[in-house]
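See structure below.
We did not get these values from a lab; they are worked out from the coordinates using the rules stated. In this text the structure is predicted, and so the values were computed from the model without any measurement. Backbone-built Cβ (ideal geometry, glycine too); neighbour counts: all protein chains shown.
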Amino acid sequence: MNRLTGIRRFAGVLVGGALLLLSTGVISETAVTKGSKAAGLDSCVAPTAVMRRNHMDFLKHDRNMTVRKGIRDTQYSLAECVGCHAEKDNAGAYKPVNAEGQFCSSCHSYVAVNLSCFQCHRKTPEVKSGSGTAMKSDGPFQPESLGLLQSPDQPVLLNRDELARLHATVKGD
């Protein structure tokens, strides 16, 4: 009987250790992937703990301000997040942030959250030519400058119901 208890205790410690090793990437102090622009920075737009807890609220707020009021702030924009957290491969090309083991995918798969953002928005940073930024106000409208994949001459990819499911309605704005 004593021997069985010892085996159970050992198995529990072994399983606990395995879970600890598997979760260190999610609960580590740094949440950036090596080879990304963010890996060379001291901090994000907010402390790591705040971003882990509230990034989805920041993105929703930024989306609502843009869509409803026309205010384009880059502090919490999805395009800026992708531009900073995308990792480059050996050839110098960006890996999609939602690819297996990359910045967005690693945490979202751990907590079983579906990443529907990238059905419409860019998964890799836009490669800019010259010294311009993605938020130009001069010249013709370019959907790519908003981090969108769809251009105006393409047919609509989502119907109204699908879009409503992807973008939750915020009441009181």
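The residues Arg63, Arg52, when put in order of fewest to most other Cβ atoms within 10 Å, stand as Arg52, Arg63. FRET efficiency for the pair Asn90 and Asn114, taken as 1/(1 + (r/R0)^6) with r the Cβ-Cβ distance and R0 = 45 Å, rounds to 0.90. Sequentially through segment 100-113, phi angles give Karplus couplings (6.51, -1.76, 1.60; θ = phi - 60°) of 3, x, 8, 3, 6, 4, 4, 6, 5, 6, 4, 9, 6, 10 Hz, Gly and Pro residues having no value and appearing as x.
Taking a ≥ b ≥ c as the square roots of the eigenvalues of the Cα gyration tensor, segment 49-114 is classed as oblate, since a/c reaches at least 1.5 and a/b does not exceed b/c.
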